[in-house]
Every structure is written in C-alpha cells, then in structure tokens.
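Worksheet for the structure shown next.
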Amino acid sequence: MSLPLVYHPNYSCPFPENHRFVMSKFVRLHKVVEQKGYITNNLFQPDVASLDDLGRAHCLEYLNKLCGNQVDHKEWRRIGLPWSQGLVDRTLTAPNGTLETARLALKYGMASHLAGGTHHAHYDFGSGFCILNDLAYAAKTLVHQGEVEKVLIFDLDVHQGDGTASILEDEPRVFTCSIHCEKNFPFRKTQSDLDIGLDVGLSDQEYLDVVEQTLQKLLSEHTPDLVLYDAGVDVWEYDELGRLNISWAGIQQRDELVLKECLLRHIPVATVIGGGYDKDHQRLAERHSLIIQTAFDLFPLYLS
C-alpha cells in the first residue's frame, strides 16, 4: 500500500467564498492529490466523533452549545466562522480524521490527513478559525487508551498553538512544541512545553536550522512513540497572515527534514495540514499538497 491518506467529503461545507478562511481548500486539496496520482487504495474516511469522545479534550457544555447553535455572538466572533449545520458536521468529523491518521501512522509508519491542525481551539471555547482541537483530542485519546506512552506534537504553523498548549498543560505524556512567528496571532500566548518565537521576516536557512536542531534534540531526549506534525503553510513569504519569509522550496525542505528525522529513527509520524491563507484558492491547495507529496515520496523509501 502507498501512503495512507485520511479525508471526508464534509470537510468543505457550504461557506462564503470571500471569507478569509478558505473552506474550499479541503476539497481542492483532495482533487490536487487525486490528480497527482497519490490516491489509490489508500484513502480512509473517518466517522463523526461522539460528544463523549470529544469530551476528552473539550468541555461537554461547550460541545452541546456548539451542536445546538447556542454559542453566543461574542464567542462566535472570537472563532471567526459563521455557524451552519455543515460547519458543525465537519467540525465533529475532522478530529476523528486526525485520530485515524495517527492510528494509521502507528500501523504503517506514516500517514497524512487532508485537514487538521486546528490548534487555537481551547477546552471550552474556540478561537482563530478553530472550533475543536484535533491535535489535543488525538493525543489525549491515544495516551488515555494506552495506544502510546509518549506523543510529541511538533507544530510548525506560523501561529502559536495556544489551544493545544492549554488543553495539554497537565498531560505529561504529551510534549507540545510550537515554532512560530512571535509577533503574530495569538497576541496573548499560552505556554507550550517548548515555544520558539521567530523574528518577523526570517528566511529559509535560519528557519530550517531552528527546525532541524529543535526536532533532533526533542526526538533524542523524549523518544516519543508518535509525532503529530502540524505542517502549516502559512510560513510562506506571500501568505496573507504569515509574516515570515519562507520560500515555496523552503517549505518543501522543511517537510522533508521533519519526516526524514522521524522515519530514520523509526518513529511513526502523522501529518496535518495546518494553516494557510491566500486569495488564490487553487494556489493554496497546491501549497497544502506539498506535505502530501513529500510524505508520498518518502513512504516507500523508508518503510519498505
């Protein structure tokens, strides 16, 4: 089998086309991946998560308010997305997509989710286009059920993973690392196990050096059973919300570096796409496909 991929058709629900968050990027990404020949017998579809399951990472009162459209206007404004039943359906599905991706990675060595990385969602509220936190949910589920003993969340989205850090602050079996642009959203940071705030305008080589040195140190010191890798592409130099100066080729080098470090140590790695913002929606889908392309190319080389 080739690289396991996880996707659900409800990821791109009906949504305003001119919204800053590009909801169509998921179905566009699926089409790009399909056109490149990466989909054969390797596509897995997650089930909708139950509220009880999601309660491992989130407050049940918040979950019930979300499903019943009882989240107040102020809270929705913090999230930044318009409520709809389609949005709720995809929000309850995507966390299980990341969990399924993690389980496939444990089985096959590597797997990729065509969504995920909603790291701004906290225990009892959403923020920054994130309603539920798939990374925290997947990690807490795996350690709670004894499927792994140690997880590393390696978050390279340009924005700090504040919600992930908050939800997992008292979970010693999950190590959270966020490498992000310091002077960017969220402006009030939450403390991860390791935060590295980068200067505005940082370019490729300096960035890659930080990523490589940090990951090597974490893998050596913590020897995780699984790495959840948030491959955010909002580090790109022309991203609307990025503020770093990373080239398209630099993103590809970063992804290859991260995956090779994990695979050479025989540490399973599950990837999620994280953030990316662009008025050119097709270009955004192509940018998100970089992690899938890299993972697809490396899968047979290191896992044969």
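Miscellaneous remarks
- Each residue of region 198-209 is assigned a 3J(HN,Hα), and the resulting list reads 8, 6, 4, x, 4, 9, 3, 5, 4, 5, 5, 4 Hz, derived from the Karplus form 6.51 cos²θ - 1.76 cosθ + 1.60 (θ = phi - 60°), x at Gly and Pro.
- Here the 3J(HN,Hα) profile of region 267-280, calculated from phi with Karplus coefficients 6.51, -1.76 and 1.60 at θ = phi - 60°, is 9, x, 9, 10, 10, 10, 8, x, x, x, 9, 6, 5, 8 Hz, Gly and Pro shown as x.
- Overall, the ratio between the Cα radius of gyration of region 11-165 and 2.2 N^0.38 Å, rounded to two decimals, is 1.03.
- Each of Asp170 and Lys183 was given a label point 7 Å from its Cα along the Cα-to-Cβ line. The distance between the two points is 3.7 nm.
- Across region 55-68, computed HN-Hα scalar couplings (Karplus, 6.51 cos²θ - 1.76 cosθ + 1.60, θ = phi - 60°) run x, 5, 10, 9, 6, 4, 4, 5, 4, 5, 5, 4, 5, x Hz from first to last residue, x flagging Gly and Pro.
- Listed peptides 281-288, 34-41 by packing density, highest first (mean Cβ within 10 Å): 281-288, 34-41
- For Ser127, the residues whose amide H sits under 5 Å from its own are Ala121, His122, ignoring neighbours fewer than 5 places away on the same chain, with H placed 1.01 Å from N.
- Extension gain from Ser2 to Lys217, taking 0.36 nm per residue of separation minus the Cα-Cα distance: 74.4 nm
- Violating pairs (Cα-Cα greater than 25 angstrom) within the set Lys140/Lys217; Lys25/Lys150; Lys189/Lys217; Lys36/Lys150; Lys65/Lys107; Lys65/Lys279: Lys25/Lys150; Lys36/Lys150; Lys65/Lys107; Lys65/Lys279
- Residues whose amide H comes within less than 5 Å of that of Leu202, counting only those at least five positions distant or on another chain, are Asn245 (H built at 1.01 Å from N in the peptide plane).
- The chain, helix-only ellipticity at 222 nm - DSSP H runs n ≥ 4, -39,500 (n - 2.57), divided by all residues, nearest 500: -13500 deg cm²/dmol
- Difference of contour (0.36 nm per residue) and Cα-Cα distance, Leu257 to Asp124: 44.4 nm
- Most positive-pole-ward Cα, Val48, Ala165, Phe175, against dipole of region 22-303 from beta carbon charges: Val48
Read-outs throughout are calculated quantities, based only on the coordinates presented, and are distinct from any laboratory measurement. In this text the structure is predicted, and so the values were computed from the model without any measurement. Cβ sites come from the backbone with ideal geometry, for glycine too, and all protein chains shown count toward neighbours.
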